[in-house]
Amino acid sequence: MSRVRRGFKARRRRNKVLKLAKGFHFDRRRKYKHTAETVKRALHNMYKGRRLLKRDMRRLWIVRINAASKAVGTSYSKFMSSLKKNDVTLNRKMLAEIAARDFEGFKAIHSALK
């Protein structure tokens, strides 16, 4: 059986990783062994970051709704519970936008719940 030369396939596989290392410095961009490890870590951090962003945004929305509901004279939990009881289907993202940009609208929502 003849020997298989792996030049093309191996180079194509390495180039795929080296292409992802665009913007890295020194050996992290040029040498495959360093690059492969750095790219692997970078991809993992990107994955984690996408989930952390969702978590952080939800926390921000809750803080904004809490601040607005305190200004109106109720707590966050009581406000959210009255929304649920009255079947208001506004999500936290939209409530936070209303609270930050249109406080009069937020007051109207709060007064309509009572």
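Quick note: the coordinates plus some simple rules give every number you see, no bench work behind them. What you see is a predicted model; the values in this text were computed from it and never measured. Cβ: placed from backbone, ideal geometry, glycine included. Neighbour counts: every protein chain shown.
Considering only Met1, Tyr32, Val17, the residue lying farthest towards the positive end of the dipole of the chain is Met1, judged by Cα position with unit charges set on Cβ. Charge dipole of the chain (Cα centre as origin; +1 on each Lys and Arg Cβ, -1 on each Asp and Glu Cβ, all else neutral): 1700 debye, rounded to the nearest 20.
For the chain, what is the calculated [θ] at 222 nm in deg cm²/dmol (nearest 500), taking -39500 (n - 2.57) for each run of four or more DSSP H residues and dividing by its residue count? Write out the running numbers ahead of the final one.
Values: 6 runs with 90 residues, N = 114.
Value at 222 nm, helices only: -26000 deg cm²/dmol.
Bridgeable lysines around Lys48 (alpha carbons under 28 Å apart, same-chain partners fewer than 8 residues away excluded): Lys16, Lys19, Lys22, Lys31, Lys33, Lys40, Lys93.
Ignoring aspartates and glutamates fewer than eight residues from Lys70 along the same chain, the ones with Cα atoms less than 17 angstrom from its Cα are Glu97, Asp102, Glu104.
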